[in-house]
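Here the structure comes first, spelled out in structure tokens, and everything after it is commentary.
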Amino acid sequence: MSERDGGGTDADGTGGERADTGRAATIDAIVDVVADSAEDIRSGLVGRRGKSDRENPSGDVQAEADVYADDLLEARLSAIDGVAEYASEERADVVDCGEEATAADTVAVAVDPLDGSSNLEPNNTMGTVFAVYDEPLPAPGTSIVASGWVLYGPITTMAVARGGTVTKFELSGEEPTVVEEDVTIPDDPLVYGFGGRVPDWPDDFAEFARAVESDPSHKLRYGGAMIGDVNQVLTYGGIFAYPALADNPRGKLRLQFEGNPIGHLIETAGGRSSDGSRSLLSVEPNELHDRVPLHVGTAVLIDRLEATLE
Ligand SMILES: O=P(O)(O)OC[C@H]1O[C@](O)(COP(=O)(O)O)[C@@H](O)[C@@H]1O
Ligand SMILES: [Mg+2]
Ligand SMILES: [Mg+2]
């Protein structure tokens, strides 16, 4: 995993350091903007719970709040010095933010502005997901230098992975409050949640799911928003998956905006991610809106999953 925001030098001993310092400041600014925007996104949900008349590039009908959150984050993130590209699952193309995307000190930001927006109508959990890549998009997860999510639960919280460590925050006051540093995923799995219709699961995944369910130490937790479900896995240990489906072998969730950030954060917390056979971070993207079978969680369960799908 690449962790290039924390120092280091290039061949002449200076240029790389300068680039890393500039990039670290850009990442600070991105994390601040996401944290500061959470309350605006949350309050902007009121009156925007309905569907718009538009589809996103994945073919999902956009909620009005999806469009609102995307426009808000695009305006704020693309204005940060050092952000060369902005991309989101709600728009077809990468936004050029006016800086050199291949420069050593610029980054690209990929966002799922509202994860789980179908939970708006019943007023259930949703989130905002982001990844900072040090390469132009689409890029593999190995080029992520920071990732994170905001969770709009009973209170608003944030988890951020950078520099090889995960930190959890509450976003209730003026400044984010650190509630846990060096977050690690528990070694003993407790919760599991699997997306997709059960009849559409391939036989090997169904076999794995049945084995997980039949263990008396495991409990079902599924809320219909990836971020809510993954945050439970990070808290209690376990597994979340949105697997390959019979009619869609690439599953539903998107590599740049969902798979890579979640994989980066869970791996930074000591867990594992997998597309069924390898880390999500090792999957080479073909297109910006590529989908990927997504499995993340406690290492022992991802190991068992890969052994079953082999
Ligand atoms: O309701 P479905 O089709 O099973 O899908 C649920 C999954 O789709 C998602 O809502 C997709 O994310 P978006 O809401 O960002 O499109 C995930 O959060 C969730 O895990
Ligand atoms: Mg999503
Ligand atoms: Mg979304």
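The values are calculated or read from the model by the stated rules, or taken from the named source; none is laboratory data. If you're wondering where the values come from, they're calculated on a predicted model, not measured in any experiment. Cβ sites come from the backbone with ideal geometry, for glycine too, and all protein chains shown count toward neighbours.
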Discussion item. Given the criteria within 16 Å of ligand 2 (Cβ to nearest atom) and not charged (D, E, K, R), does Pro261 qualify?
Written reply: yes
Worksheet item: Take the residues of segment 151-171 that are loosely packed, with under 13 Cβ neighbours inside 10 Å and without any contact (Cβ under 8 Å) to a residue 24 or more places away in the chain: which is farthest from Ala108 (Cα to Cα)?
Response: Pro154
Practice prompt. Consider Gly148 carefully, then state whether it is out of contact with any Leu (no Cβ under 6 Å at 6 or more places or on another chain), in the same structural domain as Val83 (by TED's automatic domain parsing), touching a residue at least 24 places away in the same chain (Cβ under 8 Å) and crowded, with 17+ Cβ neighbours inside 10 Å.
Written response: yes
Worksheet, complete the sentence: Of (1) in contact with an Asp or Glu (Cβ under 9 Å, 6 or more places away or on another chain); (2) over 25 Å from Phe169 (Cα atoms); (3) within 16 Å of ligand 1 (Cβ to nearest atom), Trp201 satisfies every one except (1)
Discussion item. I need a count of the residues in segment 7-60 that are β-branched (Val, Ile, Thr), surrounded by fewer than 17 Cβ atoms within 10 Å (Cβ to Cβ) and at pLDDT 90 or above.
Written reply: 1
Discussion item. Conditions first: (1) in contact (Cβ under 8 Å) with a residue 40 or more places away in the chain; (2) assigned to a helix (DSSP H, G or I); (3) farther than 20 Å from Pro261 by Cα. Ala69 passes all but one, so which condition is the exception?
Written reply: (3)
Fill in: Residues of segment 254-269 that turn out to be surrounded by fewer than 23 Cβ atoms within 10 Å (Cβ to Cβ) and within 13 Å of ligand 3 (Cβ to nearest atom), as a count
0
Worksheet item: Can you find a residue in segment 99-114 that is within 14 Å of ligand 1 (Cβ to nearest atom) and either among the hydroxyl-bearing types (Ser, Thr, Tyr) or free of Cβ contacts under 8 Å to residues at least 60 places away in the same chain (or both)?
Response: no
